[in-house]
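Encoded as structure tokens, the structure appears first; notes follow it.
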Amino acid sequence: MQESAYQGRTALIVEGGGMRGIFCAGVLDAFMEAEFDPFDLYIGVSSGALNLSSHLAGQYQRNYRVITRYGVRPEFVSLGKFLRGGNLMDLDWMFDICEREDPVDVEAAARRLGSKNFLMVATDLQSGQPAYLQPRPHNWTQCALASCALPLVFRTRVWIEGKRYMDGGFSDPIPVREAYKRGARRIVVVRTREFDYQKHPNIMTWVNAWAFRAHPAFRACILNHAHTYNQALRFIAHPPEGVEMIHIAPQQPLASKRTTRDLQALEKDYRLGLELGREALASFPFPKAHWQQGS
């Protein structure tokens with residue numbers, strides 16, 4: 001697309017995926033190295049919301065530090081704790097230790113955003129619909145927790161203004177359509193799944209659906225999750241006329257899994273993210289004069 005023909009907002013979307021998010025951390029650090037920030041809309045889902053928080057605060061390699069220092073510790077991922085009625089992934093512990101030792105500078109993030117928009121995707125438990133939360137310094141952590149609150153894995157109930165929220169990946173895992181609705185006509189998507197990945201229902205689909213049988217709208221959202229995910233992939237592959245889609249994803253499955261504690265795998269995926277981020281920068285159709293338009 002010729003720059004003279006380009007009109008509309010420029011969006012950056014970052015997918016979730018638990019510890020696989022270290023790949024996205026690498027991509028975003030490559031952007032930060034190059035001072036590449038032509039975006040005026042940012043949307044993060046689950047761990048993607050956490051990655052974008054550090055990125056917007058200008059905290060280079062913070063996501064890498066958090067994942068490799070705290071994400072691999074047994075206090076965070078513990079089957080034993082889960083079997084005793086606690087969290088398999090203890091986000092309460094993670095957020096608490098990060099706040100004490102390596103906090104997100106939410107004031108800096110808010111200043112850098114200025115008039116731009118940052119949305120964290122969560123799922124409204126009552127309606128089963130996506131909620132696009134706009135964090136502010138006073139509720140940033142609560143919005144991030146809402147976006148990351150995986151059913152069963154994280155048992156703490158997350159409430160904001162009288163509504164209970166669950167992980168945003170169920171209702172809008174790759175929010176390209178939402179970006180389009182909000183006026184984005186150039187959309188950069190950073191994913192944690194390989195290019196040709198397709199979502200299929202699995203055993204956890206049925207386990208989660210049974211666990212939330214008392215919440216029919218959210219149960220339907222869970223059962224429809226694979227279809228929702230694959231619809232987003234079709235939008236990426238076949239965007240509407242006038243939309244430029246830039247898709248950054250690994251060619252093969254990442255070495256890391258959702259609850260990986262293998263430092264070698266995490267390091268490998270971070271380095272891959274850096275590499276693909278730098279490669280993408282070399283081919284992006286963004287004139288360098290526009291790279292920091294929102295900074």
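Computed from the Cα positions only, the extents of the chain along the three principal axes stand at 58, 39, 39 Å, in decreasing order. The ratio of the alpha-carbon radius of gyration of segment 73-157 to the globular-protein estimate 2.2 N^0.38 Å is 1.23. Across segment 95-208, Cα-Cα pairs farther apart than 23 Å form 39% of the total.
The alpha-carbon atoms of segment 120-186 define a convex hull whose volume equals 95 cubic angstrom per residue. Sorted largest first, the principal axis extents computed over the alpha-carbon atoms of segment 136-295 equal 52, 38, 36 Å. Over segment 226-274, all Cα pairs binned in 10 Å intervals from 0 give whole-percent P(r) values of 21, 35, 31, 12, 1, listed from short to long. The three principal axes of the Cα atoms in segment 20-102 give end-to-end lengths of 47, 22, 21 Å, sorted in falling order. What translational diffusion coefficient, in µm²/s and rounded to a whole number, does the Stokes-Einstein relation yield for segment 1-146 at 10 °C and a viscosity of 1.306 mPa s, taking the hydrodynamic radius as the Kirkwood radius over Cα pairs? My calculation gives 98 µm²/s for D. Ordering 188-198, 15-25, 255-265 by mean Cβ neighbour count within 10 Å, with the highest value first, yields 15-25, 188-198, 255-265. The tail of the calculated P(r) for segment 11-56 beyond 18 Å holds 17 percent of all Cα-Cα pairs.
Highest mean packing comes first when the peptides 99-108, 124-133 are listed by Cβ atoms within 10 Å, giving 124-133, 99-108. For segment 184-227, report the translational diffusion coefficient in µm²/s to the nearest whole number, using Stokes-Einstein at 4 °C, 1.567 mPa s, and a Kirkwood Rh over Cα pairs. The estimated diffusion coefficient comes to 104 µm²/s.
Each reported figure results from applying straightforward, stated rules to the coordinates on display, with no laboratory input. Computed from a predicted model, the values in this text were never measured in an experiment. Heads up, the Cβs are rebuilt from the backbone with ideal geometry, glycines too, and the neighbour counts pull from every protein chain shown.
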